[in-house]
């Protein structure tokens, strides 16, 4: 018999409204909740227009969970147990080598079928030189970094730089940035003049230091806007827009069905952007900036000098 | 009076609008027919309510086009997950949910009658209390049993209900759940877990991060459940011009982290072949009977892997030898060792050999060399030779490069004119 399953993901128990109401009830049970507190919880947990619907429904008896005097018939702070699909998802994480980076155990998941296994999916275009998640030293350094971020501690890092030299420096860890394509973590730092980012794979030692380091403002990336002309042929608009989907962008359709797309990219990533644009061949042309266009032209000139075409 | 609500009953419609606004951001209100113009207004307003600052619009000759623009590198949590938290419910649903969960909080088994009494007692404090009949409460408990929130046991002829144990230490799990909610399949489930906790700053950011697949989470979860049970599925497939219903045996999901696409590789019963389907084009997944030869089909698919650059497979599943050969020779100058590293880490099923001090050969035998072309083009400026066993592909590759020369004025009339101008100066 065909099995029409209850919608396990799109379900009201996961809704932002349920989540906000749960937090409102908890706040009321703590005592002394004001309407302002409730409004703040809605703003933090629900959507832009929720304030005008959720609070009146809750406090005027439409949903019988909060009295107009902001008391509640609920006796305990709401606690939603894990659903089966959530347990299955968590169980699946234990088949991923990256789970060892975290100090978690599958306690309570005995007998739960994982939602997916490595046989069920494959990332086919990930780079082959990702970080070594099975390496005990790597795991220890990763955990030290994570703990320093949590505690607000500084770090003393020893690493091999690009030229193969061992360098040692102190910094404040800001965040760990993971690239799905590279399968690598890098640490974004503050307080170090020369090392703003550190590949975790290059670290050889890492320990927390108590001495406070200057917490200067993070230097924001410098962005530029790249303007591309995308031809209508070979399904390029669809392929290209999906390819650049993770950038801030704006597209305009031209009379002939082609597109002009403006996308914002980090200047530090320019060499990568050049090869990403090149991968579309003649179907995507750089219109601006001119110096980016020149970078493509330079590569083509060099190619022509190879004498092949 | 408008019947607009931030919440929705059916995800499918908003899924297509989100794709339209996020990936393309081109279609104007005027391009929707009159009937769907109202729907367009509602969906746009909802998305604005969910995604706030990420929404923008541009006015063109065709009208105003709405787009969603997100730099996923600076968004530490996938904003598109919000759509999955917009399911509508009735006044009774939400009231009963919190009262029932409260009554079951003690972890003890309760009879239906006890729970009914408890619900009435809690609601009696209201001026005009809601009344829930036995069948409504039983139905809600049954629903919660299926979701795993409540366990049901029998005591003689009567059912006893108990809340399942709450389990997860927030302190130890917070980072793991956040990280995997962004990088693991069906990551929105991790985001549901995070919603139980007080919101805190994130320790992780993400680069090269495609967030579009969030919209396909439900379809993906059902496909995984089908694979777990070795089931066939019936699924609706939308292509650019056609909507069909297919019976498939889902075998594996192939995820591209360089193009943001997810494909289902399945056995297509009707044509006795393996096919790849874009998951964002699939909907209405219904699990069917188990397939006894599931493992056999999966092993057959695994045997094709060495010839797959991306998702293309042989047209005839019995003809595994029909591969195409690609051979490329690259020039690598001194100080360009990073090119060799690139080749090594990006070669997938290919082979890299050093020919002499400055030349490297890349070779691959794949079912569809056309899939490799975008990657091969990234080496433009150092390709000394390239050969494809498929002459059509070779002609296309070379023709494309010639067209690029023309586009950028390399070696043609434009460049001659430029050189002439430079000489005059």
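Data for the structure
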{"quantity": "R0 of 51 Å, Cβ-Cβ distance residue A:268-residue B:293: FRET efficiency to nearest 0.05", "calculated": "0.50"}
{"quantity": "Projected label distance in nm at residue B:238 and residue A:197, using a 7 Å step from Cα toward the beta-carbon", "calculated": "3.6 nm"}
{"quantity": "Distance between segment B:345-380 and segment B:78-115 - C-alpha centres, whole angstrom", "calculated": "55 Å"}
{"quantity": "Pairwise label distance in nanometres, residue A:143 with residue B:165, each label 7 Å out on the Cα-Cβ vector", "calculated": "2.4 nm"}
{"quantity": "Largest to smallest principal axis extent of the C-alpha atoms in segment B:213-307, angstrom", "calculated": "31, 30, 24"}
{"quantity": "Two-decimal ratio, chain A, of alpha-carbon radius of gyration to 2.2 N^0.38 Å", "calculated": "1.34"}
{"quantity": "DSSP bridge orientation in the protein assembly as shown - percent antiparallel, rounded to nearest 5", "calculated": "90 percent"}
{"quantity": "Folded to 0 to 90 degrees: helix B:134-147 orientation relative to chain B principal axis, Cα", "calculated": "30 degrees"}
{"quantity": "Computed FRET value (nearest 0.05) for residue B:126 with residue B:245, which takes r as the C-beta separation and R₀ as 56 Å", "calculated": "0.70"}
{"quantity": "Relative contact order for segment A:223-305, counting Cα pairs under 8 Å that sit 6 or more residues apart, in percent", "calculated": "38 percent"}
{"quantity": "Cβ-derived FRET efficiency at R0 30 Å, residue B:385 paired with residue B:300, nearest 0.05", "calculated": "0.25"}
{"quantity": "Ascending count of other beta-carbon atoms within 10 Å, so fewest first, for B:157, A:232", "calculated": "B:157, A:232"}
{"quantity": "Gain on full stretching of the segment that runs from residue B:113 to residue B:4 - 0.36 nm per residue minus C-alpha separation", "calculated": "35.5 nm"}
{"quantity": "q = 0.09, 0.11, 0.20 Å⁻¹: log10 I(q)/I(0) that the Debye formula gives for segment A:93-235, counting C-alpha atoms only", "calculated": "-0.40, -0.57, -1.24"}
{"quantity": "Angstrom value of the Kirkwood radius, inverse mean 1/r, which spans all Cα pairs in segment B:170-209", "calculated": "10.4 Å"}
{"quantity": "For chain B: relative contact order, % (alpha-carbon pairs under 8 angstrom, 6 or more apart)", "calculated": "9 percent"}
{"quantity": "Inter-label distance for residue A:223 and residue A:119, nm, one decimal - labels placed 7 Å from Cα along Cα-to-Cβ", "calculated": "4.5 nm"}
{"quantity": "Neighbouring partner chain Cβ atoms per residue of A:276-286, average, 10 Å criterion", "calculated": "6"}
{"quantity": "Segment A:9-80: Cα Rg divided by the 2.2 N^0.38 Å rule of thumb", "calculated": "1.02"}
{"quantity": "Anisotropy class of segment B:11-70 from Cα gyration tensor, a/c 1.5 cut", "calculated": "oblate"}
{"quantity": "Calculated log₁₀ intensity ratio I(q)/I(0) where the Debye formula runs over C-alpha points of segment A:200-309, q = 0.20, 0.22 Å⁻¹", "calculated": "-1.08, -1.24"}
{"quantity": "Cα shape, segment B:324-407, gyration tensor, a/c 1.5 rule", "calculated": "oblate"}
{"quantity": "Shielding by other protein chains, B:147-155, mean Cβ within 10 Å", "calculated": "3"}
{"quantity": "C-alpha center-to-center spacing [segment A:69-148, segment B:36-69] in angstrom", "calculated": "35 Å"}
{"quantity": "Hydrodynamic radius by Kirkwood, which averages 1/r over all alpha carbon pairs of segment A:159-261, in angstrom", "calculated": "17.3 Å"}
{"quantity": "Dimensionless Rg ratio for segment B:20-164, taking C-alpha atoms and the 2.2 N^0.38 Å reference", "calculated": "1.57"}
{"quantity": "Cα point-scatterer Debye curve for segment B:159-240, base-10 log of I(q)/I(0) at q = 0.12, 0.13, 0.22, 0.25 Å⁻¹", "calculated": "-0.53, -0.61, -1.11, -1.22"}
{"quantity": "Solution diffusion estimate, µm²/s, Stokes-Einstein, segment A:136-209, Kirkwood Rh from C-alpha pairs, 20 °C, viscosity 1.002 mPa s", "calculated": "176 µm²/s"}
{"quantity": "Hull-based mean projected area of the protein assembly as shown, where the convex hull spans the alpha carbons, in square nanometres", "calculated": "38.0 nm²"}
{"quantity": "Surface/4 of the Cα convex hull for chain B, nm²", "calculated": "32.5 nm²"}
{"quantity": "Rounded to 10°, Cα long-axis angle of helix A:136-151 versus longest principal axis of chain A", "calculated": "60 degrees"}
{"quantity": "For chain A: relative contact order, % (alpha-carbon pairs under 8 angstrom, 6 or more apart)", "calculated": "10 percent"}
{"quantity": "Peptide B:352-362 - average C-beta neighbours from other chains (10 Å radius)", "calculated": "0"}
{"quantity": "Helix axis angle, B:391-407 relative to chain B longest principal axis, alpha carbon, degrees", "calculated": "80 degrees"}
{"quantity": "Rg in Å to one decimal, and Dmax rounded to a whole Å, for segment B:222-380 via C-alpha atoms", "calculated": "18.8, 60"}
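Each value in this text was obtained by applying a stated rule to the coordinates, not by laboratory testing. Everything quoted here is computed from the prediction, not taken from an experiment. Counting neighbours? That spans all protein chains shown, and the Cβs are built from the backbone with ideal geometry, glycine included.
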